[in-house]
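Computed from the coordinates by the stated procedures, all read-outs in this text should not be read as laboratory data. In this text the structure is predicted, and so the values were computed from the model without any measurement. Because the Cβ atoms are built from the backbone with ideal geometry, glycine has one as well, and the counts that use them run over all protein chains shown.
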Amino acid sequence: MNIAGQRDKNQWRAEVSARRASVAAPVRAGEAAALAGAAARVAADWAPAGWVAAYVPVGTEPGSTGMLDALRSAGARVLLPVTGPPGPLDWAEYSGAGSLHRGRYDLLEPAGARMSPAAIELAGVILVPALAVDRRGVRLGRGAGYYDRTLPAARPDARLIAVVRDEEVVARLPEEPHDRRMGWALTPGGGLRRLAGPASGN
């Protein structure tokens, strides 16, 4: 890879998206199974009988609904985002893959009772979708800004975990003042990996 400072976020997004698209289906399935196992361990250690905020992986994102089922099997209650107009995310509880339906942007969302953005305060663990994360905890999202607007309402002690492929933990990403740093990365090969940067719940 080139030095991160030579690329802006859009260039990073294009490169990571292209690499994800080239991953073979059997590799993607194996990584999804590994992430489910790692997520179950996180829930068992940090959120037994507590709330975990997560998301439904789509397209080439690492993971699957198996990750959500693993969280529930470990005893956690799972919040999933409900996407509306640009702004903080609403939430609803995940009760199984059969409860999901197509929502805004054709994303899978839970059909249960809708909760306000303040519901994220319930979660002691937050699994955050990412294209990449650097070793300082700087996260690269898709650019829509939903999580940038949502994470400020998280509990100060919430553990923020970026879910990425192993090669997507990189040395340095571009950072902006509004970026909220992650405390950990969850990867298929490495499991839960502590990041160096300051983050809540450290």
How far apart, in nm, are two points set 7 Å out from the Cα along the Cα-to-Cβ line at Tyr105 and at Ser73? 2.9 nm
Rounded to the nearest 0.05, what FRET efficiency do Val58 and Arg7 have when you use their Cβ-Cβ distance and R0 = 41 Å? 0.95
So which trypsin sites (Lys or Arg not before Pro) in region 62-167 are both in a DSSP loop and have at most 15 other Cβ atoms within 10 Å of their Cβ? Arg114, Arg142
After finding the eigenvalues of the alpha carbon gyration tensor for region 130-202, what semi-axes result from the square roots of 5 times each, listed largest first in whole Å? 18, 14, 11
Residue-wise, which Karplus ³J(HN,Hα) couplings in Hz belong to region 25-32, taking 6.51 cos²θ - 1.76 cosθ + 1.60, θ = phi - 60°, and x for glycine or proline? 4, x, 5, 4, 5, x, 5, 5
Taking only Cα atoms of region 52-172, radius of gyration then Dmax in Å: 13.7, 41
One computes Rg over Rh for region 88-132 from alpha-carbon atoms, with the Kirkwood Rh, and obtains 0.97
When the Cα atoms of the chain are enclosed in a convex hull and the volume is divided per residue, what value in Å³ results? 111 Å³
Return one number: the angle in degrees, 0 to 90 and rounded to the nearest 10, between the long axis of the Cα atoms of helix 9-21 and the longest principal axis of the Cα atoms of the chain. 70 degrees
